[in-house]
Amino acid sequence: EAGVAQSPRYKIIEKRQSVAFWCNPISGHATLYWYQQILGQGPKLLIQFQNNGVVDDSQLPKDRFSAERLKGVDSTLKIQPAKLEDSAVYLCASSLVRGYNYEQYFGPGTRLTVT
Amino acid sequence: AQSVTQLGSHVSVSEGALVLLRCNYSSSVPPYLFWYVQYPNQGLQLLLKYTSAATLVKGINGFEAEFKKSETSFHLTKPSAHMSDAAEYFCAVSTADSNYQLIWGAGTKLIIKP
């Protein structure tokens, strides 16, 4: 079975520019997560979708970050405008359903550098 | 609130030696505990998980972990390190209180010396 796909793998932008990341979860997975992983830290959940609805976006900086999951499949995460502190790896994960007993499968991530 | 502490940001062992990566958690309700591995420039992969069945959990690649409630610990071990084990390892906790979201430790980078 195909894994979680993410693109691009790397992105370098200047501060105040905008950027978008794309994620295609494993087919049939209802739950999709976006994480931010800063170097030397564990992943931090930004937003969680169940199908095309938002379950939790309490840690998403909504003044600059937005995310959507059209038709409950693919998802995009956007940053506008970017700040230096947004430099991180952005990981997308999916699981069959929401719950502790359902493994989260991770994509390879997008490494963002803001200069 | 739940939290996870991983002792040691870097652990170095010789090839063939015992691997021990420490994880302590804080939770007021029964936890579900996970170990994930992250190889360079890759996403995270589940090694093993504890979900209130057996306290000794066996995972992939020869790793295992033991849940000790009295010590609030879930340490990861492997009897004999291999060069291919070099990676970053993350411990995470999930509870009903956290809406089953994963709360992550800061990670431990495992270095294998030849």
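Using a 10 Å cut-off on Cβ atoms, rank the peptides A:18-30, B:29-41 from the highest mean neighbour count down. Provide the component values of the computation, followed by the final result.
Details: A:18-30: 17.0, B:29-41: 18.8.
The packing order, highest mean first, is B:29-41, A:18-30.
With a cut-off of at most 16 other beta carbons within 10 Å, and DSSP calling the residue loop, which trypsin sites (Lys or Arg not before Pro) in the stretch B:57-114 qualify? Please list them. Loop-located and lightly packed - B:LYS69. Coupling constants for the stretch A:26-37 follow from the phi torsions by the Karplus curve (6.51 cos²θ - 1.76 cosθ + 1.60, θ = phi - 60°), and in residue order they are 5, 4, x, 7, 7, 9, 10, 10, 10, 10, 10, 10 Hz; glycine and proline get x. Taking each of B:LYS69/B:LYS113; A:LYS62/B:LYS49; B:LYS68/B:LYS109; A:LYS83/B:LYS113; A:LYS78/B:LYS58 in turn, the alpha-carbon distance tops 28 angstrom for B:LYS69/B:LYS113; A:LYS62/B:LYS49; A:LYS83/B:LYS113; A:LYS78/B:LYS58. Sequentially through the stretch B:52-64, phi angles give Karplus couplings (6.51, -1.76, 1.60; θ = phi - 60°) of 6, 8, 5, 6, 9, 10, 9, x, 7, 6, x, 7, 8 Hz, Gly and Pro residues having no value and appearing as x.
For the stretch A:46-100, relative contact order (Cα pairs under 8 Å, six or more residues apart, normalised by length) works out to 26 percent. Where the centroid of each part is defined by its Cα atoms, how far is the stretch A:32-60 from the stretch B:1-58 in Å? Between the Cα centre of the stretch A:32-60 and that of the stretch B:1-58, the gap is 20 Å.
Relative contact order for chain A: what percent, with Cα pairs under 8 Å and sequence separation of 6 or more?
37 percent
Once you order the gyration tensor axes a ≥ b ≥ c over the Cα atoms, which shape class does chain A get: rounded for a/c under 1.5, otherwise prolate or oblate by comparing a/b with b/c? Since a/c reaches 1.5 and a/b is larger than b/c, the shape of chain A is classed as prolate.
Here, each number is a calculation from the coordinates, and none is a lab measurement. What you are looking at is a predicted structure, and each value in this text was computed from that prediction instead of being measured. FYI the Cβ positions are ideal-geometry reconstructions off the backbone, even for glycines, and counts take in every protein chain you see.
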